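Chemist: Before we start, here is the structure in question, set down as structure tokens.
The values are calculated or read from the model by the stated rules, or taken from the named source; none is laboratory data. Keep in mind the model is a prediction, meaning the values are calculated, not measured. Using ideal geometry, Cβ is built from the backbone for each residue, glycine included, and neighbour counts are taken over all protein chains shown. All accessible areas refer to the heavy atoms of the entire protein, side chains included, with ligands and DNA or RNA removed. Shrake-Rupley method; radii C 1.70, N 1.55, O 1.52, S 1.80 Å.
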Amino acid sequence: MHRRSLLRAALVASLLLLLSAPARAADTRLRVVASFSVLGDMVKSVGGDHIALTTLVGPDGDAHVFEPTPADAKAVAAADVVFVNGLGLEGWMVRLIESSGYRGPVVAASDGVKSRTMEENGATVTDPHAWQDLGNGRLYVANVAAGLAAADPADAEAYRAAAAAYSAAIAVKDAWVRAELKDVPSGQRRIITSHDAFGYFGAAYGVTFLAPVGVSTEAEPSAAGMARLIAQMRSTGIKVVFFENMASPKLVATLAGEAGARVGGTLFSDALSPPGGPADTYLKMFDNNVPELKAAMLGM
Ligand SMILES: [Zn+2]
């Protein structure tokens, strides 16, 4: 009898523990959504343990064309703050936010960037790839810190401190990129990629990028555009064409074959690599890309 009541007491105790477990484990962190992996890494670097982050377009994903799932809509609906790149990168985001019923702040990380435009199929379009200039990256970080602090004033000081340290690391990386590319002769500073994602990088660090597809991966390259690019490659002696991690490799292989060039390594433009890969953070993206670009240009 005594033993049975002990057993019952133990059962009741463990049942109570089970019932109370969800309440004790309740997540009080700020719920944050970032639209794509590069921005997600920046938000994580600033938000640290104070935020619970959902990144919509993950590693190797294409942020230009994305079909959100019901789970994505749920994450947005539950968010305290949403971060997007802006500059027209995430055309799908407007509808996702509308359909989710989310009414909270939407922070464009590129706010204040001096945007670039380019001609695409006869129209002038805004180039959204501003993060490829590390100077702009520091602006993104400032916007992210301000957005997090506004949504969670109690942790504002932590966000400010993390952003300051991260911004300093970005400045160091920026100086490293300039030093790495310093010795590339001006006549050899030309690179072919699959889509036009490196306009800001080119402007910041003095490299001309050519691509058969415009600033969005949505467009198909025209036959005339391909022919023009092949002729340009032959006349300028460009010998290397780069893959991008999130774009179709077929186009690049065709270009290389037609122009007698070889396919270089992989550049990370619009998405990070999966964790453990060569470019699983914003800063490591440059660690991967810059030596690839330098070797290709010096080999011309
Ligand atoms: Zn892109």
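Chemist: Cα-based Rg (one decimal) and Dmax (whole number) for segment 16-153, in Å?
Modeler: Both quantities, over Cα of segment 16-153: 16.5, 68 Å.
Chemist: Placing one identical point scatterer on every Cα of segment 123-177 and ignoring solvent, what is log10 I(q)/I(0) from the Debye formula at q = 0.15, 0.17, 0.21, 0.29 Å⁻¹?
Modeler: Log10 I(q)/I(0), no solvent term: -0.50, -0.60, -0.77, -1.06.
Chemist: Of Thr69, Thr208, Thr281, which is the most mobile in a GNM of the chain whose springs link Cα atoms less than 10 angstrom apart?
Modeler: Top of the fluctuation ranking is Thr69.
Chemist: Ala171 to Ser99: FRET efficiency via 1/(1 + (r/R0)^6), r the Cβ-Cβ distance, R0 51 Å, to the nearest 0.05? The partial results should precede the final answer.
Modeler: Working: r = 39 Å, r/R0 = 0.77.
Efficiency at R0 = 51 Å is approximately 0.80.
Chemist: Output needed for segment 238-300: three equivalent-ellipsoid semi-axes, defined as square roots of 5 times the C-alpha gyration tensor eigenvalues, in descending order, whole Å. Show your work: numbers first, answer last.
Modeler: Working: eigenvalues 98, 41, 8 Å².
Square roots of five times the eigenvalues give 22, 14, 6 Å.
Chemist: Moving on. Roughly how large, in nm² to one decimal, is the mean projection of the convex hull of the alpha-carbon atoms in segment 81-186? Write out the running numbers ahead of the final one.
Modeler: On the way: hull surface 36.8 nm².
If I average the Cα hull's projected area over directions, I get 9.2 nm².
Chemist: What net charge do the residues around Asp270 carry, taking every other residue with its C-beta under 10 Å from that of Asp270, with Lys and Arg at +1 and Asp and Glu at -1? Could you put the intermediate results ahead of the total?
Modeler: Values: positive: none; negative: Asp60, Asp62, Glu244.
Result for the local shell: -3.
Chemist: Take the solvent-accessible surface of the protein heavy atoms, probe 1.4 Å, and return the percent of it on segment 124-212 that carbon and sulfur atoms account for. Intermediate values should be presented prior to the final figure.
Modeler: Numbers: 1870 of 3290 Å².
Here carbon and sulfur together make up 57 percent of the probe-accessible area.
Chemist: Accessible area per residue of segment 224-269 at 1.4 Å probe, in Å²? It would help to have the intermediate numbers written out before the result.
Modeler: Numbers: 2070 Å² over 46 residues.
With all protein chains present, segment 224-269 gives 45 Å² per residue.
Chemist: So, counting K/R as plus one and D/E as minus one, what does the shell of residues with Cβ under 15 Å around Ile191 add up to?
Modeler: Summing Lys/Arg as +1 and Asp/Glu as -1 gives +1.
Chemist: Dipole size in debye (nearest 20) for the chain around its Cα centre, Lys and Arg Cβ +1, Asp and Glu Cβ -1? If you can, show how the numbers build up before the last one.
Modeler: On the way: 26 positive and 30 negative charges, 157 e Å.
The dipole of the chain has a size of about 760 debye.
Chemist: Here is a follow-up. Stokes-Einstein diffusion coefficient for segment 160-209 at 20 °C in a medium of 1.002 mPa s, Rh from the Kirkwood formula over Cα pairs: what value in µm²/s? Each step should come with its number before you reach the end.
Modeler: Details: Rh = 12.5 Å.
Answer from the Stokes-Einstein relation: 172 µm²/s.
Chemist: Over segment 41-89, what percent of the accessible surface lies on carbon and sulfur atoms, probe 1.4 Å?
Modeler: On the way: 1060 of 1970 Å².
In segment 41-89, the share of accessible area belonging to carbon and sulfur is 54 percent.
Chemist: Kirkwood hydrodynamic radius, the chain, all distinct C-alpha pairs: what's the number in Å?
Modeler: Numbers: mean 1/r = 0.0473 Å⁻¹.
21.1 Å is the Kirkwood radius here.
Chemist: Right, next: Would you kindly calculate the translational diffusion coefficient of segment 114-237, applying Stokes-Einstein with the Kirkwood radius from alpha carbon pairs, for 25 °C and a viscosity of 0.890 mPa s, and quote it in µm² s⁻¹ without decimals? List each step's numbers first, then the result.
Modeler: Numbers: Rh = 16.8 Å.
It comes out at roughly 146 µm²/s.
Chemist: For the chain: lysine pairs with Cα atoms under 18 Å, gap of 8 or more or different chains, count?
Modeler: Values: Lys44/Lys284; Lys173/Lys182; Lys173/Lys284; Lys173/Lys294; Lys182/Lys294; Lys239/Lys250; Lys239/Lys294; Lys284/Lys294.
Here the count comes out as 8.
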